[in-house]
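What follows is a short report on a single structure.
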Amino acid sequence: MERFVGRRALVTGAGKGIGRAVAVALSRAGAHVVALSRTQADLDGLQKECPGIQTLCVDVGDWEATEAALNKVDDIDLLVNNAGIALLQPFLEVTKDAFDRSFSVNLRAALQISQIVARKLIARGAPGAIVNVSSQASQRAVLDHTVYCSTKSALDMLTKTMAQELGPHKAPATQPGPAQTGQGKATTFLLPISGRADGQ
């Protein structure tokens, strides 16, 4: 775990659940962590637990606010796209607002934040990694989870296309098995990125 010393990590959805656990683990492993959440109270609690963590309160569903917030953050080496919401509705009752909100947070935010981080990594020729936190719901239909399942399936494909297009920058993707947490099971995709020709 010493490899995280001196590395800067951004974790979205870090206020609770998987994201909080990842932020704490990375901080304790020596990384300088920027924890992002839309709930200030959750970030305050996290900072009390790990005073060295830098917090950033922003709603990743808001494209402009997210871009403005990340412009104030120093270069990132490790990104964990964990932010997500589950607005559960039966298929016949799915609303436009629930659909739009779910896709903006669970999918579009991962695209936007990954673009920002990857562009900077490549520009400075620095090695790094992006982790997209998906779910077994991406592979299996769940009652009342029409929109959630759809967003996670789309996130899986986004991750694959990211790997393909970032390939020239040494960005293969791997899919470890599910991790049991208090928030359910999650599948993670790891995208190592390097702007150097040797991929080191």
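Work out the P(r) tail for segment 71-111: percent of alpha carbon pairs separated by more than 13 Å, whole number. Considering segment 71-111, 61 percent of its Cα-Cα pairs are separated by more than 13 Å. Segment 1-54 and segment 102-123 have their alpha-carbon centroids 18 Å apart. Computed over Cα pairs, the Kirkwood radius of segment 2-193 leads via Stokes-Einstein (1.002 mPa s, 20 °C) to a diffusion coefficient of 128 µm² per second. 3J(HN,Hα) couplings calculated from phi for segment 41-55 with the Karplus curve 6.51 cos²θ - 1.76 cosθ + 1.60 (θ = phi - 60°) are, in sequence order, 4, 5, 5, 4, x, 5, 5, 5, 6, 10, x, x, 6, 8, 10 Hz; Gly and Pro show x. Amide H contacts of VAL131: LEU79, VAL80, ASN81, LEU191, each under 5 Å away and 5 or more positions distant or on a separate chain (H built 1.01 Å from N in the peptide plane; Pro and chain starts excluded). Sorted ascending by nearby beta carbons within 10 Å, beginning with the fewest, VAL5, VAL34 become VAL5, VAL34. Listed by Cβ neighbour count within 10 Å, with the fewest neighbours leading, PHE99, PHE4, PHE91 appear as PHE91, PHE99, PHE4.
Rounded to the nearest Hz, the phi-derived 3J(HN,Hα) couplings of segment 107-113 under the Karplus curve 6.51 cos²θ - 1.76 cosθ + 1.60 (θ = phi - 60°) are 10, 4, 5, 5, 4, 4, 5, where x marks glycine and proline.
Among the trypsin sites (Lys or Arg not before Pro) found in segment 96-171, those both in a DSSP coil and sparsely packed, with 12 or fewer other Cβ atoms within 10 Å of their Cβ, are ARG124, ARG140.
Cross-link pairs exceeding 24 Å in C-alpha to C-alpha distance, out of LYS72/LYS120; LYS16/LYS48; LYS48/LYS152; LYS96/LYS160; LYS72/LYS96; LYS120/LYS160, comprise LYS48/LYS152; LYS96/LYS160; LYS72/LYS96. For segment 1-92, the extents of the C-alpha atoms along the principal axes are 50, 26, 23 Å, listed from largest to smallest.
Values quoted throughout were computed directly from the atomic coordinates according to the rules given, and no laboratory measurement underlies them. Keep in mind it's a predicted model, so treat the numbers as computed, not measured. For neighbour counting, all protein chains shown are included, and Cβ atoms are generated from backbone atoms with ideal geometry for every residue, glycine included.
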